[in-house]
Amino acid sequence: MTETALTSLPRIHCVGDLWVQSGYMLGPRTINDFELVYFPEGTNTKYTAGNVSFVLKEPCILLTRPEEVHSYHFDPGKNVRHLFVHFEFAEMRNEEPWYRGLLEGGPVFPINQAPLVSGFMKKLFWTANHQPLHWHRRLSVLTLTILEELASSGVYSPNAAESLPVPVQQAIDYMAGRLAETISIEEVAARSGWSHEHFTRLFTSSVGMTPKRFLLELRLRRAEDWMLRGEGTIKQIAYQVGFKDEHHFSKMYKKIRGITASEYIKRCSTPLYRHAVEPLGTAPDAHYSANRLVLVQDSHIK
């Protein structure tokens, strides 16, 4: 993602929540759009993308790319539940820097690397089945939120941090410890001993975004932590994460996240974000029948 506003939201084609018979094989196949597939529990299901296979032994989410040959061999010992969403997204098609690591990494993302994703996925399927007001846009916003979490999970995971150049990791630590202060990228670069230009090039190639964009992301994520817990007003939170005024914070939050800070707080206050759907059986607390597919726009599955 660049430092400009998003030009579009993901365009949702269909979503589904299906139980698959043990031992079933799907593919090899290709799809013309992107697909996120959520496995709420670990199984012996094997997913193959290209020439590489993964056994999905822990809860995870998969990202399948357009025209990528892939297949599933579902657990031979038990039926398997999986939830999926097909979508198109210009920013990923154009390989914007923020999503480049997401596209080049994976395709399997353990849920423990992005713990909020499971809640967002369940909210997405609830929305598709209940179809409340503006449900099409809500599906797009939720899908974007999931992609944002997955894109940032590599940046914040311990293994990723260990592989960063020492000056880059020191710069991240320096920024993270001073989010309430007014700091400049020139100041951060100077501490690395490199020129501003060299530091920016190395930081961007290592992390996938510019230092300025990363600092903004740190501020927004810290703000979201407090908003999720209901700690403080938007004005108070804005000051605590280094914004000079509430208006600037609200403007940047809407620009980057696609929703307002007030909408984020309201969404996090609902019980749907505090209670998980049971992964076994027919999941009656999901409030919709098992094995559901909701078509939003024309599906692009071959």
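Kindly state, to the nearest 0.05, the FRET efficiency for Asp245 paired with Gln131, given R0 = 35 Å and r defined as their beta-carbon distance.
Rounded to the nearest 0.05, the efficiency is 0.40.
How much length is gained if the chain between Arg201 and Ala90 is pulled fully straight, taking 0.36 nm per residue apart and subtracting their Cα-Cα distance, in nm to one decimal?
Full-extension gain reported as 37.5 nm.
Rounded to the nearest 0.05, what FRET efficiency is calculated for Lys46 and Asp173 with R0 set to 41 Å and r the Cβ-Cβ distance?
Once rounded, the FRET efficiency stands at 0.60.
Using all Cα-Cα distances in the range 1-101, what percent lands in each 5 angstrom bin from 0 up to the longest?
3, 12, 21, 23, 17, 12, 7, 4, 1, 0
Taking the dipole about the Cα centre of the range 160-268, with the C-beta of Lys and Arg at +1 and of Asp and Glu at -1, give me whichever of Ala261, Ala238, His196 is farthest to the positive side.
Looking along the dipole axis, the top candidate is Ala261.
Net charge near Gly23, counting Lys/Arg +1 and Asp/Glu -1 over other residues with Cβ under 13 Å of its Cβ?
Charge balance in the 13 Å sphere: +1.
For Leu103 and Asp225 in one chain, what is 0.36 nm times their gap in residues minus the Cα-Cα distance, to one decimal in nm?
Contour length minus Cα-Cα distance gives 41.3 nm.
Provide, as a two-decimal number, the C-alpha radius of gyration of the range 160-268 over 2.2 N^0.38 Å, N being how many residues it has.
Against the compact-globule rule of thumb, the ratio is 1.13.
If you keep only loop residues by DSSP, which GluC sites (Glu not before Pro) in the range 190-230 have at most 15 other Cβ atoms within 10 Å of their Cβ?
Qualifying residues, ordered by number: none.
None of the figures in this text is laboratory data; all of them are computed from the coordinates on show. Predicted model, so just to flag it, every value in this text is computed and none were measured. Ideal geometry is used to build each Cβ from the backbone, glycine not excepted, and the neighbour counts take in all protein chains shown.
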